Structure formats: structure tokens, C-alpha cells
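The block underneath contains the structure these notes are about, expressed in C-alpha cells.
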Amino acid sequence: QVQLVESGGGLVQAGGSLRLSCVASGRTFSNYVMGWFRQAPGKEREFVAAITRSDGRTYYADSVKGRFTISRDNAKNTVYLQMSSLKPEDTAVYYCAADLAIVVRTTGTEYDYWGQGTQVTVSS
């Protein structure tokens, strides 16, 4: 089992920044590809970003490329999502997820463990 706890969400004006954190416990963190997903009201959950287990390769949805940065610190069992130039359409509950896989996958159903989510609200 892996437990994931997100933090760092909140209310921010358009153009602002937030940094989300997700702390993992329970199993060897570096064995997992880590991803961030989000779900806005009335919409399906969507992929945001992911990072490989140890070499730090990153993958982004087109909608956030150039504005969001995913990173991880395996010594701290933590994955981050730095969000900049936020837009109202970024408003959603953001979830981190862990995937016991070698390759990065962008489909949420492939991920094994999920956090409880943190709300991000961007006002116009």
C-alpha cells in the first residue's frame, strides 16, 4: 500500500502561482511513476503531468505545457507540481497518483494509488 497526501491548493488570482506537494508513505517511493491529474466540476478527470521514477523525465498535457512543472525528491518521498500563469480553466481538484510501472502512462485508470485531492481555484 502507498498513502498519498496532497497539500498546497488554494485560491489564487489569474496569472498567479501555486505549488502543490504530495507526500508518499508505505512503499518505496522511487519504484513509482508519479502523476498529477485534475477534475473540474462536471468534467472527467484529466491527465496533467507525470514524472519517471529516477531519471526525472517529465510529461505534460498540452493545456499546461510551459506553465506547470512537475518534479520529485525521492529522498523526501515527495512529488511537486509548480503551477504558474494560472488561468480560471485550471480550477479543479488536483490529485497525485502513483503507478508501479516502468513507463509513464497518462491514463488515470492505470495508476495504482491516489491521494484525496486538493482544491485549486483560480479567479478571473
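The values are calculated or read from the model by the stated rules, or taken from the named source; none is laboratory data. Just so you know, these numbers come straight off a predicted model, no measurement behind them. Cβ: placed from backbone, ideal geometry, glycine included. Neighbour counts: every protein chain shown. These accessible areas exclude ligands, DNA and RNA; they are computed on the full protein's heavy atoms, side chains included. Shrake-Rupley method; radii C 1.70, N 1.55, O 1.52, S 1.80 Å.
Hey, can you tell me all the residues within the range 68-113 that are surrounded by 17 or more Cβ atoms within 10 Å (Cβ to Cβ) and hydrophobic (A, V, I, L, M, F, W, C)?
68, 70, 79, 81, 83, 86, 92, 93, 96, 97, 98, 104 - these are the residues of the range 68-113 that are surrounded by 17 or more Cβ atoms within 10 Å (Cβ to Cβ) and hydrophobic (A, V, I, L, M, F, W, C).
Report, by residue number, each residue of the range 1-24 that is touching a Cys at 6+ places or on another chain (Cβ under 9 Å) and open to solvent by less than 20 Å² (accessible area, probe 1.4 Å).
Within the range 1-24, 4, 6, 20, 22, 24 qualify.
What tally of residues in the range 27-52 results from selecting those that are closer than 17 Å to residue 101 by Cβ and free of Cβ contacts under 8 Å to residues at least 40 places away in the same chain?
Our first condition is that a residue be closer than 17 Å to residue 101 by Cβ; within the range 27-52, this holds for 27-37, 47, 49-52.
Filter once more, keeping what is free of Cβ contacts under 8 Å to residues at least 40 places away in the same chain: 27-28, 49.
Adding up the residues that qualify gives 3.
Which of the following residues is within 26 Å of residue 123 (Cβ to Cβ) and at pLDDT 95 or above: 76, 43?
Details: 76 fails: within 26 Å of residue 123 (Cβ to Cβ).
Criteria check complete, one pass: 43.
Which numbered condition trips up residue 27, out of (1) at positive phi; (2) open to solvent by 40 Å² or more (accessible area, probe 1.4 Å)?
Residue 27 satisfies every listed condition except (1).
Considering the range 114-124 alone, what residues qualify as being closer than 18 Å to residue 63 by Cα and either surrounded by 17 or more Cβ atoms within 10 Å (Cβ to Cβ) or of a type in the set (D, E, K, R) (or both)?
120, 122
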